[in-house]
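> Mind looking over this structure? Questions follow.
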Amino acid sequence: MLQTRKIPICAPVLGERELEYLTKCIRSSWISSLGPFVGEFEDKFAHFCGTRFGVTTNSGTTALHLALVALGIGRGSEVILPTFTMIASINAIEYTGAKAILVDADPETWNMDVSAVHKKITGKTKAIMPVHIYGHPTDMDPIAEIASEHGLRIIEDAAEAHGARYKGRTVGSLGDVGSFSFYSNKIITTGEGGMNVTKDQELADKMRWLRAHAFGRGGKHFWHEALGYGYRMTSLQAAVGLAQMERIDDMISRRINHARLYNKLLENLSHDKIILPPEMKWAKNVYWMYSILLNDPSERDNIMSWLSERGIETRTFFYPIHRQPYYAPRYGGESYEVADDISRRGINLPSGSGLTDDDISYVSENVLDFFKRN
Ligand SMILES: *Cc1c(COP(=O)(O)O)cnc(C)c1O
């Protein structure tokens, strides 16, 4: 088959502004984490999330780890999270020595089944980590209720959901800490990078201290009272982040418009052949990944190759944590049927903010053609 087009799943959108700020950064010689760029990026993004403090890191994974450590979570603690998520969510818990407790997915939102959380609470539970999968927020009120009842912390893994809203409130501001990733395929990028946002100044200060080797205070610089980390973001990354912040609203509306167009063009397949992505009444989905479920899971590999032959990149859904070779031996005793089901049936279609309506139409036509083929 002659490939006339190449449509990537999720390419970054970079422009002159990024170059301009990077150049400014290099000319200023502020290329480590010192200097004005990092703080400015933290303030802008924290404000965007409706929080007060931002603490950048060198990845989304290290942001999650730093948040857990700063909240005092370690050996002997338990943290509840969904089994249907990207591997970094649980890895961050694993690094602390705490035990991760899995819950199944919700069949409608694909996020954690919030009704299953209370059954998992023990005397050791310290925190809940909801993950806003593919840009759709988790139903947070029931989680907040359980957390306040049992004195638990909430760490939102918002790596896929910059700007998503739950009942009008921006994700990242709904728990104790919101962790974001700025990896190159995320909604905004710094190449690699992450950030924790919080309203708690003391917690922000602690995260700032721990991310930079826990250097001593009060004049004794090379004096360390805690185990610190080398988790700082560079000014070069923050300069790119500042340029991305100028277009974040536009990037999100482009994704939402693409999702609407996909929904319209694929509507005729809906229910019979595929399930379109969720958007609950109380949610603003930012569609990090425009994702569909196939009714017949045995079609998944076929449609992915069909689209690939036509230059269209797709991805399978995440394999749930309880199926991952590294974690499976510890989580074999329980079944997570919804996570297994959506993981077998789901694919992500091209979703980057830089796609055109014409790209979306091309992808949709090829999806329609696949189901017409015999
Ligand atoms: C991307 C992602 C992360 C990790 O971010 P990195 O910046 O790649 O470390 C964590 N959690 C979720 C849900 C993600 O999608």
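The values are calculated or read from the model by the stated rules, or taken from the named source; none is laboratory data. Bear in mind that the values here come from a model prediction, so they are computed numbers and not experimental data. Cβ: placed from backbone, ideal geometry, glycine included. Neighbour counts: every protein chain shown. These accessible areas exclude ligands, DNA and RNA; they are computed on the full protein's heavy atoms, side chains included. Shrake-Rupley method; radii C 1.70, N 1.55, O 1.52, S 1.80 Å.
Conditions (1) touching a helix residue (DSSP H, G or I) at 6+ places or on another chain (Cβ under 9 Å); (2) closer than 30 Å to Glu225 by Cα; (3) in the same structural domain as Gln237 (by TED's automatic domain parsing); (4) open to solvent by 10 Å² or more (accessible area, probe 1.4 Å), marked per residue:
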site	(1), (2), (3), (4)
Ala67	yes, yes, yes, no
Ala92	yes, yes, yes, no
Thr96	yes, yes, yes, yes
Pro107	yes, no, yes, yes
Lys120	no, no, yes, yes
Gly135	yes, no, yes, no
Asp139	yes, no, yes, yes
Leu152	yes, yes, yes, yes
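> Criterion first (within 13 Å of the ligand (Cβ to nearest atom), closer than 25 Å to Gly50 by Cα and out of contact with any Ser or Thr (no Cβ under 8 Å at 6 or more places or on another chain)) does Ser89 satisfy it?
The answer is yes for Ser89.
> Looking only at helices (runs of 4 or more DSSP H) that lie completely in the range 274-374, which have at least 3 residues being on the phi > 0 side of the Ramachandran plot and in the same structural domain as Val171 (by TED's automatic domain parsing)?
none
> Looking only at the range 254-296, which residues are open to solvent by 50 Å² or more (accessible area, probe 1.4 Å) and farther than 22 Å from Arg344 by Cβ?
Residues satisfying the conditions are Arg254, Asn257, Arg260, Lys264, Leu265, Glu267, Asn268, Glu279, Lys281, Trp282, Lys284.
> Additional query: Quick one: which residue in Glu94, Glu108 is within 16 Å of the ligand (Cβ to nearest atom), out of contact with any His (no Cβ under 8 Å at 6 or more places or on another chain) and either free of Cβ contacts under 8 Å to residues at least 24 places away in the same chain or in a loop (DSSP other than H, G, I, E, B) (or both)?
Glu94
> Would you pick out the residues in the range 312-333 that are in contact (Cβ under 8 Å) with a residue 12 or more places away in the chain, open to solvent by less than 90 Å² (accessible area, probe 1.4 Å) and either within 17 Å of the chain's Cα centre (by Cα) or more than 12 Å from Phe84 (Cβ to Cβ) (or both)?
Of everything in the range 312-333, those that are in contact (Cβ under 8 Å) with a residue 12 or more places away in the chain, open to solvent by less than 90 Å² (accessible area, probe 1.4 Å) and either within 17 Å of the chain's Cα centre (by Cα) or more than 12 Å from Phe84 (Cβ to Cβ) (or both) turn out to be Ile312, Glu313, Thr314, Thr316, Phe317, Phe318, Pro320, Ile321, Tyr327, Tyr331.
> Going by the structure shown, is Ile31 more than 16 Å from the ligand (Cβ to nearest atom), modelled with pLDDT of 95 or more and either part of a loop (DSSP other than H, G, I, E, B) or open to solvent by 20 Å² or more (accessible area, probe 1.4 Å) (or both)?
No.
> Applying the selection to the range 166-194, what residues are in contact with a Phe, Trp or Tyr (Cβ under 9 Å, 6 or more places away or on another chain), surrounded by fewer than 24 Cβ atoms within 10 Å (Cβ to Cβ) and more than 19 Å from Ser33 (Cβ to Cβ)?
Matches in the range 166-194: Tyr166, Lys167, Gly168, Thr170, Asn185, Lys186.
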